[in-house]
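Below you'll find the structure, written out as structure tokens, and then a few comments.
The values are calculated or read from the model by the stated rules, or taken from the named source; none is laboratory data. Note that the structure is predicted; figures quoted are calculated from it, not measured. Reconstructed Cβ throughout: ideal geometry from the backbone, glycine too, with neighbour counts over all protein chains shown.
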Amino acid sequence: MELQKTPLKDCFILKPNVFRDERGLFYETYNQKIFEKTTGLKIDFVQDNQSISTKGVLRGLHFQNGAMAQAKLVRVVKGRVLDIVVDIRKDSETFGKSFSIILDDLEQLQLFVPRGFAHGFITLSEASIFSYKCDNYYDKASESGIIYNDATLALDWHLSKEEFIISEKDLELSTFEKAIS
């Protein structure tokens, strides 16, 4: 497994060793010993989540507050998505900065999203299966988020707004300024 840094502090890309032959491919999606050796982090993932989405489905930007904050290891099982993270840790040197990456079922890249980040993605292919490993349990009372079209962040979601499919809940998320106050 290879670690690649991103411009955001503590957020990085993991490239697994993928073995391909005439039958297809094989790789470990997660191995705690290799993860710890590669990253230097001891993370106890306690919950796995998976979403299935059609093209244009935009999920996010989500996070949990306080003691229920979550670190995530995310990947695409099938399809292609644009994944976006925003550092919302006020004491971080990259506070307020964002990073985006295309995750797909060809390269098999994974993104480690530390606690204190907002996270979202949009499906670029006809469909996607998206997998999350989380180091803390979902807690409805701690959930929060930032609206996808926040003017301060000015995120590029790679599709036209007319193609977006967004839940009512996500359309009601706060601005960056309100979410971090």
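Look through the stretch 86-112, keep the residues that are within 18 Å of E2 (Cβ to Cβ) and of a type in the set (V, I, T), and return whichever of them is surrounded by the fewest Cβ atoms within 10 Å (Cβ to Cβ). Filtering first and then ranking leaves I102. Counting the residues of the stretch 159-172 that are farther than 20 Å from S100 by Cα and of a type in the set (A, V, I, L, M, F, W, C) gives 1. In the set V81, V77, only one residue is surrounded by 20 or more Cβ atoms within 10 Å (Cβ to Cβ), touching a strand residue (DSSP E or B) at 6+ places or on another chain (Cβ under 7 Å), under 30 Å from R20 (Cα atoms) and of a type in the set (A, V, I, L, M); that residue is V81.
If only residues of the stretch 139-155 that are within 15 Å of the chain's Cα centre (by Cα) and outside any strand (DSSP E or B) are counted, the one that is surrounded by the most Cβ atoms within 10 Å (Cβ to Cβ) is Y148.
Is it the case that K42 is surrounded by fewer than 12 Cβ atoms within 10 Å (Cβ to Cβ) and either within 17 Å of the chain's Cα centre (by Cα) or not β-branched (V, I, T) (or both)? In short, yes.
Of everything listed in (1) free of Cβ contacts under 8 Å to residues at least 40 places away in the same chain; (2) farther than 19 Å from N49 by Cβ; (3) buried (at least 16 other Cβ atoms within 10 Å of the Cβ); (4) not acidic (D, E), the single unmet condition for K178 is (3).
Any residue that is in contact with a strand residue (DSSP E or B) (Cβ under 9 Å, 6 or more places away or on another chain), β-branched (V, I, T) and within 22 Å of D48 (Cβ to Cβ) - is there at least one of those in the stretch 148-170? So far as the stretch 148-170 goes, no, none of its residues is in contact with a strand residue (DSSP E or B) (Cβ under 9 Å, 6 or more places away or on another chain), β-branched (V, I, T) and within 22 Å of D48 (Cβ to Cβ). Here F45, F19 are screened, and the one residue that is out of contact with any His (no Cβ under 8 Å at 6 or more places or on another chain), on the phi < 0 side of the Ramachandran plot and at pLDDT 95 or above is F45.
Assess whether K90 counts as being basic (K, R), under 15 Å from the mean Cα position of the chain (by Cα) and either within 21 Å of E143 (Cα to Cα) or modelled with pLDDT under 95 (or both). Write out each step before concluding.
On the way: basic (K, R): yes; under 15 Å from the mean Cα position of the chain (by Cα): no; either within 21 Å of E143 (Cα to Cα) or modelled with pLDDT under 95 (or both): yes.
So K90 fails the test.
Kindly provide the set of residues from the stretch 1-25 that are assigned to a strand (DSSP E or B), surrounded by 13 or more Cβ atoms within 10 Å (Cβ to Cβ) and not hydrophobic (A, V, I, L, M, F, W, C), ordered by number.
Quick first cut of the stretch 1-25, residues assigned to a strand (DSSP E or B) only: 2-5, 12-15, 19-21, 24-25.
With surrounded by 13 or more Cβ atoms within 10 Å (Cβ to Cβ) added as a condition, the list becomes 3, 12-15.
Residue satisfying the conditions is K15 alone.
For every residue, the table says whether it meets (1) under 19 Å from S167 (Cα atoms); (2) of a type outside the set (A, V, I, L, M); (3) within 14 Å of the chain's Cα centre (by Cα).
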{"position": "D83", "(1), (2), (3)": "yes, yes, yes"}
{"position": "K97", "(1), (2), (3)": "no, yes, no"}
{"position": "S100", "(1), (2), (3)": "no, yes, yes"}
{"position": "E107", "(1), (2), (3)": "no, yes, no"}
{"position": "R115", "(1), (2), (3)": "no, yes, yes"}
{"position": "D135", "(1), (2), (3)": "no, yes, yes"}
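Taking only pairs six or more apart or across chains, which ones have beta-carbon atoms under 6 Å, a first residue in the stretch 86-102 that is farther than 23 Å from F130 by Cα and touching a residue at least 40 places away in the same chain (Cβ under 8 Å), and a second residue that is crowded, with 16+ Cβ neighbours inside 10 Å and among the basic types (K, R)? Partner pairs satisfying both residue conditions: S92/K9; E93/K9; T94/K9.
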